[in-house]
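*Asks:* Mind looking over this structure? Questions follow.
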Amino acid sequence: MSNASELPPSPPRSRGAMTFALIIIGLFFIGLMGLLYYGVKRSDRAGRDALPSPLIGKPSPAFDLPLLHEPGKRVTNADLKGQPYVMNVWGSWCPECRVEHPILTKFALTKRVRFIGYNLKDERQDALRWLEQFGNPYMMVIADIEGRAAIDWGIYGAPETFLVDGNGVIRWKHVGAIDQAIIDHQLIPALEKIEAGR
Amino acid sequence: MLPELGQIALILALLVAMLQAVLPLAGAQRGKASWMEVARPAAYAQLWLVMLAFIALTVAFVQQDFSVKYVAGNSNSLLPMVYRYTAVWGSHEGSLLLWALVLAIWTGAVALFSRGLPDVVMARVLGVMGVVAIGFLAFLIFTSNPFIRLLPSPGEGRDLNPLLQDPGMIIHPPLLYVGYVGFVVPFAFAIAALLDGHVDARWLRWTRPWTNVAWGFLTLGIALGSWWAYYELGWGGWWFWDPVENASFMPWLVGAALIHSQAVTEKRGAFRGWTLLLAIAAFSLSLLGTFLVRSGVLTSVHAFAADPTRGLFVLIFLGVVIGSSLLLYAWRAPQLSEGESEKSYFAANSRETLLLANNLLLAAACAMVLLGTLYPLIADALELGKISVGPPYFSLLFIVLMAPLVALVPFGPITKWQRENLRKPLAMLLPWAGLAIALAVIAWFVAPQGKLKAAAGILGAAWVGLGTLRFVWSRLRANGRFTPEMLGMTLAHTGIAVFLVGALLVEALNVQRELAVKPGQTVEVGRWGFHFQGVDETQGPNYLSDRGHVQVLRDGKPVTLLHPEKRAYASGGQVMTEAGIRPGVLGDVYVAIGEPLGDGAWALRVHIKPFVRWIWLGAALMALGGFVTAADRRFRNHRKPEANPA
């Protein structure tokens, strides 16, 4: 570099180098477009960023919890075996639950599958009032006031919804509010799979 | 009624954009003056029509017309008046409308301020901008119509995303868009030049001020976004390498390269092909950024809804615009360099070489950011699992690429064009380098922590700052002629120095504590004390807030009272933090409130952030540099050729 002032002026670039550079740019561009097209195609895949739940395909955890409406009665996971069921985790403290509630109610009214509520970390009075106000679509509501059993289920908030088959195996899970598209494209197909498998 | 008017205005704007694109471009190819003359009136008409649509939507927001679906989705009767205006661009449809409006404003500005341009150039430039407008207006009308009615009308709207209910959000998106979209002007000029088949100094004198202004606005927009994230997100950070941030940062990097390469091409005639390619790249990256943000292909804190139809539309548009530009470039660019004269050759030791290095480093940094941003997508496509690279990757590579750039900055202005004796600039800067090293050594010993980063920050900042000062001094001593162009460059380079102080010192000296405090308790952090007086509930216009009272003490003496807040917004139950900040030139004290811990105790997050404000001050100086440069009178002297007096 030190004697650079004696260097001849830089020569004009060759045609070959230019063509090469253009081909590289072109290939890069095509690759980028392909990648973005792939990205667009998968962008509506629901839960594409959710980590797959380790519980899918595993037996549902053992629990023994009281019913919300009759605290004297207790329900265990063995009681629920035999038929598939959908379990919806909710709480009166959860605003998102109100959003999904009418949609879930509509689904529950089809009587396609047993629909069970899982009342998480709630005051009993608040929970009952909430059901009175927004309607109770649940066949039964299990109350988990302390949220101990919820840890075994891998529940980290409400709303969450599980689909469990007749053998007590968790087949599908959704975190967050459910909308009609999720019911139509995920929950019902998963249910049909269970029904067909039998 | 008014929303329908807006709708009609948008459709008319699309038709006008078609006219503006087709007739002038065809006229310029065939030499038909009457066709070319359509360009300017069409540009104005488009501006008025898009503005009308924008006003219609704004009125719908101000009057709380919840029968408009977009208004119902992004507003609420409790929403304060200011945010009814900003809610217009609070979500997808409206922000695209803002995009279209900004494009129309740039188009109108080019039509207005470039009267001296030859008709053919003017027709082509406005024609290319018309093509871009077609794409965006069609996108608006066919996939993202903000004027769709919701009947029967709901009585109440959902709310504007609480994150956006903030003064910073009033001007951040418009500034960012003005910058982002502004790169359409150098792009249009580049395409016009490629269609025309030659590039000369005159062409660059027309383009340079536009590029500088757009880049300046982009700088301001990014800085404002960073500032907003700093005080609104409650994490105390100012840059997160989030996909949406990167989407605006990539055109910024290439824009910075473009500004420099345009200067070389204008003054020396060198780098012609490269300058054109950068102009295409800068706008392509703006489009890519729009795509990344609007398609939901990547997930980010900005969490926009994913809609494959929209994504596909922008992707096709992106492909057509960038693909055809590159094809045109491949076809025409080889001929452009044939016109390079003796003047454009340069030796290895010259300002041209330095600016080439600047360009390569900035372009490499942009490629690095692009790779990191798309990495989760690449990993997913290759089934490597769900991976994203995150700040460690970005920070490391960015520092590796920017350190040489910082080292070279002071050499640029004092090195001669074409050929320079290496000893001269070295001799000029050697004492200043010594001084910068001395300051860095002092910083090493003074800094209580993060010694290496503090020393590096001072070294870089002092080197760039002093080196820039050296340039100013030699100019003033030589003949005192100091053009706005030089002043702009000086300001922008000083901005780099100021930014380096902020970015690296805050990194080195930042103190962060997670505290659990009970009312009446005082906690000491270094020389600062925090006396927690308690939390009470206050009612805002559309939220309920836990408002903390924290007295800040310095060396035991009370300095100020801070009120960090946690707001629960009525409409969606979302909780937002509002940090309490005591700003200062030498550093901020930053308090954010966390969860109640029982027994009246609360979690408090306390940051001491030395020099953090210098980050945004530096960015503001860079932007100012861009504006001042653009104001150079040299750029405004574009008279028409003598044969065709104005």
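The values are calculated or read from the model by the stated rules, or taken from the named source; none is laboratory data. Quantities reported herein were computed from a predicted structural model and do not represent experimental measurements. Backbone-built Cβ (ideal geometry, glycine too); neighbour counts: all protein chains shown.
*Asks:* Conditions first: (1) closer than 16 Å to B:L103 by Cα; (2) at pLDDT 95 or above. B:A56 passes all but one, so which condition is the exception?
*Replies:* It fails just one condition, (1).
This table checks each residue for (1) closer than 21 Å to A:P84 by Cβ; (2) of a type in the set (A, V, I, L, M, F, W, C); (3) in contact with a helix residue (DSSP H, G or I) (Cβ under 8 Å, 6 or more places away or on another chain).
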position: A:I142; (1), (2), (3): yes, yes, no
position: A:I145; (1), (2), (3): no, yes, yes
position: A:I155; (1), (2), (3): yes, yes, no
position: A:F162; (1), (2), (3): yes, yes, yes
position: A:H185; (1), (2), (3): yes, no, no
position: A:I188; (1), (2), (3): yes, yes, no
position: A:I194; (1), (2), (3): yes, yes, no
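*Asks:* Does B:L544 qualify as being of a type in the set (A, V, I, L, M), in a strand (DSSP E or B) and over 17 Å from B:W228 (Cα atoms)?
*Replies:* Answer is yes for this residue.
*Asks:* Suppose we filter B:L377, B:L405, B:L396 for residues that are touching a Leu at 6+ places or on another chain (Cβ under 7 Å), more than 11 Å from every other protein chain (Cβ to nearest Cβ) and in a helix (DSSP H, G or I); which single one remains?
*Replies:* One residue alone meets the criteria, B:L405.
*Asks:* Go over the candidates B:G587, B:G572, B:G594, B:G598 one by one and state the one that is modelled with pLDDT under 90 and under 16 Å from B:A503 (Cα atoms).
*Replies:* Among B:G587, B:G572, B:G594, B:G598, only B:G587 is modelled with pLDDT under 90 and under 16 Å from B:A503 (Cα atoms).
*Asks:* Continuing with this model, one more query. Examine region B:377-400 for a residue that is closer than 30 Å to B:W473 by Cβ, out of contact with any Ser or Thr (no Cβ under 6 Å at 6 or more places or on another chain) and hydrophobic (A, V, I, L, M, F, W, C), and state whether such a residue exists.
*Replies:* Yes, region B:377-400 has at least one match.
Conditions tested, residue by residue: (1) free of Cβ contacts under 8 Å to residues at least 12 places away in the same chain; (2) surrounded by fewer than 17 Cβ atoms within 10 Å (Cβ to Cβ); (3) touching a strand residue (DSSP E or B) at 6+ places or on another chain (Cβ under 7 Å).
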{"residue": "B:S474", "(1), (2), (3)": "no, yes, no"}
{"residue": "B:F482", "(1), (2), (3)": "yes, yes, no"}
{"residue": "B:T490", "(1), (2), (3)": "no, no, no"}
{"residue": "B:L504", "(1), (2), (3)": "no, no, no"}
{"residue": "B:R527", "(1), (2), (3)": "no, yes, yes"}
{"residue": "B:H531", "(1), (2), (3)": "no, no, yes"}
{"residue": "B:V535", "(1), (2), (3)": "no, no, yes"}
{"residue": "B:P541", "(1), (2), (3)": "no, yes, no"}
{"residue": "B:V552", "(1), (2), (3)": "no, no, yes"}
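*Asks:* Would it be correct to say that B:G237 is within 25 Å of B:I399 (Cβ to Cβ), crowded, with 23+ Cβ neighbours inside 10 Å and of a type outside the set (V, I, T)?
*Replies:* no
*Asks:* While we're looking at this one, here's another question. Can you name every residue in region B:408-454 that is assigned to a helix (DSSP H, G or I) and either β-branched (V, I, T) or within 14 Å of chain A (Cβ to nearest Cβ) (or both)?
*Replies:* B:L408, B:F411, B:I414, B:R423, B:K424, B:P425, B:L426, B:A427, B:I437, B:V441, B:I442, B:V446, listed by residue number.
*Asks:* Continuing with this model, one more query. Picking from B:G594, B:G584, B:G598, B:G580, which residue would you name as being within 29 Å of the chain's Cα centre (by Cα) and surrounded by fewer than 19 Cβ atoms within 10 Å (Cβ to Cβ)?
*Replies:* Answer to the check: B:G584.
*Asks:* Within the group B:V297, B:V264, which residue is β-branched (V, I, T), touching a Ser or Thr at 6+ places or on another chain (Cβ under 9 Å) and modelled with pLDDT of 85 or more?
*Replies:* B:V264
*Asks:* Mind listing whichever residues of region B:110-150 are surrounded by 24 or more Cβ atoms within 10 Å (Cβ to Cβ) and touching a strand residue (DSSP E or B) at 6+ places or on another chain (Cβ under 9 Å)?
*Replies:* B:P146, B:F147
Listed here are the residues, each with its yes/no results for (1) within 24 Å of B:L98 (Cβ to Cβ); (2) touching a residue at least 24 places away in the same chain (Cβ under 8 Å); (3) part of a helix (DSSP H, G or I).
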residue: B:A9; (1), (2), (3): yes, yes, yes
residue: B:Q20; (1), (2), (3): yes, yes, yes
residue: B:W48; (1), (2), (3): yes, no, yes
residue: B:F66; (1), (2), (3): yes, yes, no
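*Asks:* Please tell me if A:L51 is at pLDDT 85 or above and either under 19 Å from A:E160 (Cα atoms) or not in a strand (DSSP E or B) (or both).
*Replies:* Taking the combined requirement at face value, the residue does not satisfy it.
Results for (1) over 22 Å from B:L278 (Cα atoms); (2) touching a His at 6+ places or on another chain (Cβ under 9 Å); (3) among the small types (G, A, S), shown as yes or no for each residue.
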| residue | (1), (2), (3) |
| --- | --- |
| B:T373 | no, no, no |
| B:I378 | yes, no, no |
| B:P392 | yes, no, no |
| B:P413 | no, yes, no |
| B:E420 | yes, no, no |
| B:M428 | yes, no, no |
| B:G434 | yes, no, yes |
| B:Q449 | yes, no, no |
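*Asks:* So, one more: Could you tell me which residue of region B:348-365 is nearest to the other protein chains (Cβ to nearest Cβ), considering only residues that are part of a helix (DSSP H, G or I) and of a type in the set (S, T, N, Q)?
*Replies:* So the residue we want is B:T353.
*Asks:* Regarding region A:28-46, can at least one residue be identified that is under 30 Å from A:N167 (Cβ atoms) and at pLDDT below 85?
*Replies:* yes
*Asks:* Going by the conditions given, is B:F394 closer than 22 Å to B:P251 by Cβ and out of contact with any Asp or Glu (no Cβ under 7 Å at 6 or more places or on another chain)?
*Replies:* Yes: the conditions hold for B:F394.
*Asks:* Going by the conditions given, is B:E37 charged (D, E, K, R) and either at pLDDT 95 or above or in contact with an Asp or Glu (Cβ under 8 Å, 6 or more places away or on another chain) (or both)?
*Replies:* Criteria met by B:E37.
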